[in-house]
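Trainee: Just passing along the structure, written as structure tokens.
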Amino acid sequence: MEKTLFQRICDQELPAQIVFQDDQVVAFRDINPQAPTHVLIVPRKPVVRIGEAQPDDHALLGHLLLKAAEVARTLGLEAGYRLVINNGPDGGEAVPHLHVHILGGRRMTWPPG
Ligand code: AMP
């Protein structure tokens, strides 16, 4: 199966500004930032989207969220931040490899667009 764009970033076959990585997840700066700080954190395993995650992804998904919070702290987002997961066409998903957006550095609005 062909690698996803984000698998290629995880494997360092494509350039990215990586801010954190371990054996399960990689966090890198979004190429088209929507906030002063905009980082994506992805599992190395190519889970397609949250709606297709399986029960055996339980620990990985917990790790992904805990590391998202750790990365936000490391990036100095003490004033707050937003985590976003887009799922499917109506959810605004463009890349079919699960990713959590970490957005911060400005006041977020609600509801989102
Ligand atoms: P989504 O719409 O939730 O699927 O988000 C996909 C995100 O990936 C968008 O915010 C894009 O700007 C970002 N993106 C696409 N290609 C790259 C890349 N090569 N490096 C970093 N971010 C990317």
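Any read-out appearing in this document is the output of simple, stated calculations on the displayed coordinates, not a laboratory observation. Note that this is a predicted model, so its numbers are computed, not measured. So basically every Cβ, Gly included, is an ideal-geometry build from the backbone, and we count neighbours across all protein chains shown.
Trainee: Would you pick out the residues in region 75-90 that are surrounded by 13 or more Cβ atoms within 10 Å (Cβ to Cβ) and more than 16 Å from the ligand (Cβ to nearest atom)?
Mentor: L77
Trainee: Going through E52, E93 one at a time, which residue ends up being within 16 Å of the ligand (Cβ to nearest atom), buried (at least 16 other Cβ atoms within 10 Å of the Cβ) and more than 14 Å from H38 (Cβ to Cβ)?
Mentor: Working: E52 fails: buried (at least 16 other Cβ atoms within 10 Å of the Cβ).
Just one listed residue meets the conditions, E93.
Trainee: Is it the case, given these coordinates, that T109 is over 16 Å from T4 (Cα atoms), touching a residue at least 40 places away in the same chain (Cβ under 8 Å), of a type in the set (V, I, T) and surrounded by fewer than 18 Cβ atoms within 10 Å (Cβ to Cβ)?
Mentor: So T109 fails the test.
Trainee: Being without any contact (Cβ under 8 Å) to a residue 40 or more places away in the chain and in contact with a Phe, Trp or Tyr (Cβ under 8 Å, 6 or more places away or on another chain) is true for just one of A59, A72. Which residue is that?
Mentor: A72
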